[in-house]
Amino acid sequence: MSAVSETIVREYLELHGFFVRQQRKFIAPSKHEDDEIDFYALNPHYTPSVPLPFILSSADLSGMARALVVVKGWHTETFSPGMLASTPEIFRFVEPAAFEQTAKTFGGDGPLTKLLVVPALPTGEEARAQSIELLRAKGIDAVISFPTVLADLIAEVEANRNYQKSDLLQVIRILKNYDFLREPQLELFKPGRKKR
């Protein structure tokens, strides 16, 4: 499942003009998958702007020069304070030794953002604020959610265009072509409740 999640995030970043590179495409038998940084992303069209918000939207990406990206495609999880506290391996990539090694490997100029792609943050204000505080305290610079990534990919794919070089975009195109994915619509008149 992690390969699918990584593919989704890679396509999303490339859609927004980033050059995306993996350190290596294999996992050594002695390494755990969670120990690795998934991508290094470089924005050749970086425009310095106001500081990035912690929870990124697609519009914020132009203000990110470079990023070390870790994808946590645990799609049935919410990154609540309790889950974050009980899962320290999420933060291995920001530990000084791992971070410095990866930053040195990729090199480059410009501010380096430690970006975590998460399935969801809590919806309640207090739990959400606690999760954000914990993520910041551990050294995460920004997060982006899978719903943001997926919604943007779906919105950008055109049903009448061929995406031959991308299996993911081609599948989204086919689903849109057969009306399995529809454009968001403004509902002026919601149907009322059925009367008994």
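Using a Förster distance of 30 angstrom, determine the FRET efficiency expected from the C-beta separation of Ala151 and Glu95, and round it to 0.05. The computed FRET efficiency comes out at 0.40.
Please identify the GluC sites (Glu not before Pro) of region 125-179 that satisfy two criteria: DSSP loop assignment and at most 15 other Cβ atoms within 10 Å. Which are they? Before the final figure, lay out the partial values.
Working: sites: Glu125, Glu126, Glu133, Glu156, Glu158; in loops: Glu158.
Of the GluC sites (Glu not before Pro), the ones in loops of region 125-179 whose Cβ has at most 15 other Cβ atoms within 10 Å are Glu158.
Label separation (Val50 vs Thr78): 2.8 nm, computed from points 7 Å beyond Cα along the C-beta direction. Were the residues from Ala137 through Val4 laid out at 0.36 nm apart, the gain over their Cα-Cα distance would be 45.0 nm.
Please report Asp167, Asp179 as a ranked list, fewest other C-beta atoms within 10 angstrom at the top and most at the bottom. Numbers along the way, then the final one.
On the way: Asp167 11, Asp179 8.
By the 10 Å Cβ count, ascending, the order reads Asp179, Asp167.
For a Förster distance of 25 Å, can you work out the FRET efficiency between the beta-carbons of Phe19 and Ala127, rounded to the nearest 0.05?
On the way: r = 36 Å, r/R0 = 1.43.
It comes out at approximately 0.10.
Readers should treat all values here as calculations from the given coordinates under stated rules, not as data from a laboratory. In this text, all values refer to a predicted model and were calculated from it rather than measured experimentally. Please note: Cβ atoms are built from the backbone with ideal geometry, for glycine as well, and neighbour counts cover all protein chains shown.
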